[in-house]
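Trainee: This structure is in structure tokens; I'll ask about it shortly.
The values are calculated or read from the model by the stated rules, or taken from the named source; none is laboratory data. Computed from a prediction, not measured in an experiment: that's the story for all the values here. Neighbour counts run over all protein chains shown; Cβ positions are idealised from the backbone, glycine included. Ligands, DNA and RNA are excluded from the accessible area calculation, which covers all protein heavy atoms including side chains. Shrake-Rupley method; radii C 1.70, N 1.55, O 1.52, S 1.80 Å.
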Amino acid sequence: MSYTNSSVGSGSRTTGRTFEFGRTYVVRPKGKHQATVVWMHGLGDNGSSWSQLLESLPLPNIKWICPTAPTRPVAILGGFPCTAWFDVGELSENGPDDLEGLDASAAHIANLLSTEPSDVKLGIGGFSMGAATALYSATCFAHGKYGNGNPYPVSLRAIVGLSGWLPGASNVRNRIEGSHEAARRAASLPILLGHGLCDEVVPHIHGEKSFHALSLAGFRNLVFKPYDGVGHYTVPKEMDEVCNWLNTRLGL
């Protein structure tokens, strides 16, 4: 495992705020470099812990990029500052979404992928809030633009979201249905969702609702895997299924 410190010059500026992202950890492929996947951690975590887990997976042809979210006040924690991809106050399809924060994080992830070789397949994955950001990125890719209207710059081949939810779920269908190209991209993008049935942090129902919202919006290549007896964490069986799914979907 190696890492690069991307905290210098890594701020993503939107109209009102500048976000300083933390250190990015990179796990180099042990075999031929066929795919690059950016993987995002959950609330309060950092890229290091996930890079260590991902390095142990039997996926020698994937390069993993594990960035660290900016440190910011988070409403659901009473304004306590911690690493977070965006601000969140409640898990609800109708709750206010921090689109500025979501766009900044989605742009940071896309920028990390934009410098990869042209023959390498690109994917995004994450856990909890990282999964939410990955799913938001999927909707931006399908729509062809971020929530702020700026064009989305990379072509995605796989999305993995574990123990997460879909921000802005109620608006996704409207964003996709207005364009044939958006509908085509949505229909062709493979997405794997995994969620513990005993998750007490992001209840399983949020994963289920996200699956249905994506389905209604025209995402056809969807898999949703519930895990009996599992809380807000991953288990070896889930990671085995992630490996098998990525191998198949990315043709590794």
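Trainee: Where in region 111-217 are there GluC sites (Glu not before Pro) that are in a DSSP coil and have at most 14 other Cβ atoms within 10 angstrom of their Cβ?
Mentor: Glu200
Trainee: Related question: So, for the chain, what is the accessible surface per residue at a probe of 1.4 Å, expressed in square angstrom?
Mentor: Result: 42 Å² of accessible area for each residue.
Trainee: Under the rule a/c < 1.5 gives rounded, and otherwise a/b versus b/c splits prolate from oblate, where does region 190-246 land using the Cα gyration tensor?
Mentor: It comes out oblate by the Cα gyration axes.
Trainee: I've got another one for you. Hey, any idea what the orientation-averaged projected area of the convex hull of the chain's Cα atoms comes to, in nm²?
Mentor: The number I arrive at for the chain is 12.1 nm².
Trainee: State the Kirkwood hydrodynamic radius of region 94-228 in Å, one decimal place, computed from all pairs of distinct Cα atoms.
Mentor: Evaluated on region 94-228, it is 14.7 Å.
Trainee: Scan region 75-172 for GluC sites (Glu not before Pro) in coil per DSSP, keeping those whose Cβ has at most 15 other Cβ atoms within 10 Å, and list them by number.
Mentor: The qualifying sites are Glu90.
Trainee: Mind checking the alpha-carbon convex hull of region 108-147 and giving the volume per residue in Å³?
Mentor: 77
Trainee: Further, regarding this structure: Which shape class applies to region 45-132: rounded if a/c is under 1.5, otherwise prolate when a/b exceeds b/c and oblate if not, where a ≥ b ≥ c are the square roots of the Cα gyration tensor eigenvalues?
Mentor: prolate
Trainee: Which lysines, on any chain, are close to Lys30 with Cα under 30 Å apart, when same-chain ones fewer than 8 places away are left out?
Mentor: Output for Lys30: Lys63, Lys121, Lys225, Lys237.
Trainee: Ok, one more. Could you tell me what percent of the accessible area of the chain is made up of carbon and sulfur, with a 1.4 Å probe and every protein chain present?
Mentor: Heavy-atom surface of the chain belonging to carbon and sulfur, 1.4 Å probe: 51 percent.
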